[in-house]
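This report concerns only the one structure given below.
Bear in mind that the values in this text are calculations on the coordinates, not laboratory data. Keep in mind that this is a model prediction, so the values were computed, not measured. Cβ placement follows ideal geometry from the backbone for every residue including glycine, while neighbour counts extend to all protein chains displayed.
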Amino acid sequence: MKNLKQILVMFLGIFLLACEDDTEEVVEVVVTPPATYAFERNGQSTVSFSGQSARLEMAAELGTWLNTPIKTAADLDAMFNDGTGFGNPALAASGKKLGNKTASSSIASSTVKPQFDALIEDVTTNVFPNVANDASAGTPGTYTDAGGGRTVIINGKGHEINQLFIKGLMGALVCDQIIWGYLSKGKLDGGTNVADNDAGTLVDGKSYTTMEHYWDEGFGYLYGLDTDLTTAEVEKGSSGGDVLVSKYMNKVNTSSLPGISQEIYDAFKHGRAAIVAGAYDVRDEQADIVTTKLSHIIGRKAADYLKSGADKIDAGTWADAHHALSEGWGFILSLQFTKDPNTGSPYYSNSEVNSMLSQIDDFWTVAPADLRSMASSIESKFGF
């Protein structure tokens, strides 16, 4: 019996030693982001987002032409869907297009892209030929507020088409591409991306890995026209880079969502540094920050413009009301491309968005109380 006990003790000791030997030490990777969004490999920058820069420039010019009664439907369609006809010939040469990147993610409804095509048809068929007319309910034309106030060119429902279109691209292009495209785990980790990034395998002829490039492309949809990437704030003004969502990031940063520009910029830097370090959990945490903050910008401005439209109707400044509600329409359309961090789904579905747009469809007759109620509902949904 004594010998048996000794054998058992020896066996147990060997077993415990074996278990200790098999235990792998977990090493936590500490990711320290750089001071600015600058990353290099062998002395060469690995940051590239020229395609996003081209699309932002295209969107800025297209928005101007959608409010200038010169272009035909064919002209505007070529700009949107073919990437041609812009003042800068380099845009056509880039081969980039807006249309094929609008509402193109796996979560996007196939009904959204045709809505943008229909806006081009509406403005060229109904609005541009009637700009000499005085606009009123059911009659497209030009409307100017008394006393030299704002002037808008609108369709019979009071829609200022360029505002619907450009604000709609906030979600259907920018948020769809960033949130549901380039910063999504499925996109970043697709194919052999993780193994390639771990091994430092670069895209042929380039200085970056595929995963690094995808993250940069997401970054480019916000900062693609910013000439100074050392600060969180995108340049303002007609010569600046604040186009589409970056413009409204600037706006809410100094008002209703203070500090959001720095939060987004820091998360982009941190996430990119995490990719370099192979710390994918950290990368995903930073992606969640970016997507949540972008979603908040869309929700905040959708509510703001509904309330502003209601106030302008009450004040009798109808041009201002049409302008605000047109912006609100576009931001409401964009709600279906946001992402609720608690559910992993958009804050609003496509059907919910279409129902909301239907409720406010005629800007001449919509009730201010209904606009404020919808704004309050959006604020509640986002937790504002």
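Past 22 Å, Cα to Cα, is the threshold; run LYS236/LYS312; LYS339/LYS381; LYS167/LYS269; LYS206/LYS236; LYS293/LYS381; LYS167/LYS307 against it and keep the listed order.
Working: LYS236/LYS312 26 Å; LYS339/LYS381 12 Å; LYS167/LYS269 27 Å; LYS206/LYS236 32 Å; LYS293/LYS381 14 Å; LYS167/LYS307 16 Å.
Too far apart for the 22 Å limit: LYS236/LYS312; LYS167/LYS269; LYS206/LYS236.
Maximal additional length on extending the GLU28-ASN342 stretch stands at 110.4 nm, based on 0.36 nm per residue less the C-alpha distance. Against the longest alpha carbon principal axis of the chain, how many degrees, from 0 to 90 and to the nearest 10, is the axis of helix 210-223 turned? It works out to around 30 degrees.
State, to one decimal in nm, how far the label point of THR254 lies from the label point of THR227, with both points 7 Å from Cα in the Cβ direction. Label-label distance for THR254 and THR227, simple model: 2.0 nm. FRET efficiency for THR111 and ASN88, Cβ-Cβ distance as r, R0 = 30 Å, nearest 0.05? Result of the calculation: an efficiency of 0.40.
With the simple spin-label model, which puts each label point 7 Å out from Cα in the Cβ direction, the THR72 to ALA118 separation comes to 2.5 nm.
In the chain, helices alone account for a calculated mean residue ellipticity at 222 nm of -16500 deg cm²/dmol, with every DSSP H run of four or more residues adding -39,500 (n - 2.57).
Each listed q (0.08, 0.09, 0.10 Å⁻¹) maps to a log10 I(q)/I(0) for the chain, found by the Debye formula over equal Cα scatterers with no solvent: -0.46, -0.56, -0.67.
Ranked by the mean number of other Cβ atoms within 10 Å of their residues, highest first, the peptides 213-225, 187-199, 123-135, 48-60 fall in the order 213-225, 48-60, 123-135, 187-199. Can you grab the distance from the C-alpha centre of region 242-266 to the C-alpha centre of region 112-137, Å, no decimals? Each part reduced to its Cα centre gives a spacing of 31 Å.
When the chain is treated as a GNM, springs tying every alpha-carbon pair under 10 Å, which of GLY95, GLY168, GLY330 comes out with the largest mean-square fluctuation? Fluctuation is largest for GLY95.
Between helix 50-65 and the chain there is an angle of about 20 degrees, using the helix long axis and the longest principal axis of the Cα atoms.
As a length-normalised measure over Cα pairs under 8 Å and 6 or more apart, the relative contact order of region 286-383 settles at 35 percent. With R₀ fixed at 56 Å, the C-beta to C-beta distance from SER373 to SER45 puts the FRET efficiency at about 0.65. Structural descriptor for region 46-382: relative contact order 18 percent, calculated from alpha carbon pairs under 8 angstrom and at least 6 residues apart.
Distance from the Cα centroid of region 275-303 to that of region 51-97 is 29 Å (rounded to whole angstrom). May I ask you to work out the translational diffusion coefficient for region 236-369 at 10 °C, viscosity 1.306 mPa s, via Stokes-Einstein with Rh from the Kirkwood sum over Cα pairs, reported in whole µm²/s? Once the numbers are plugged in, D ends up at 97 µm²/s.
Model label points for ALA38 and GLU235, set 7 angstrom from Cα along the Cα-to-Cβ axis, are 1.7 nm apart.
Which whole-number percent is the relative contact order of region 191-267 (Cα, under 8 Å, 6+ apart)? Working shown, then result.
Values: 68 pairs, mean separation 14.0, N = 77.
Computed over region 191-267, the figure is 18 percent.
Basic side chains Lys and Arg get +1 at the Cβ, acidic Asp and Glu get -1 at the Cβ, and with that the dipole of the chain about its Cα centre reaches some 280 debye.
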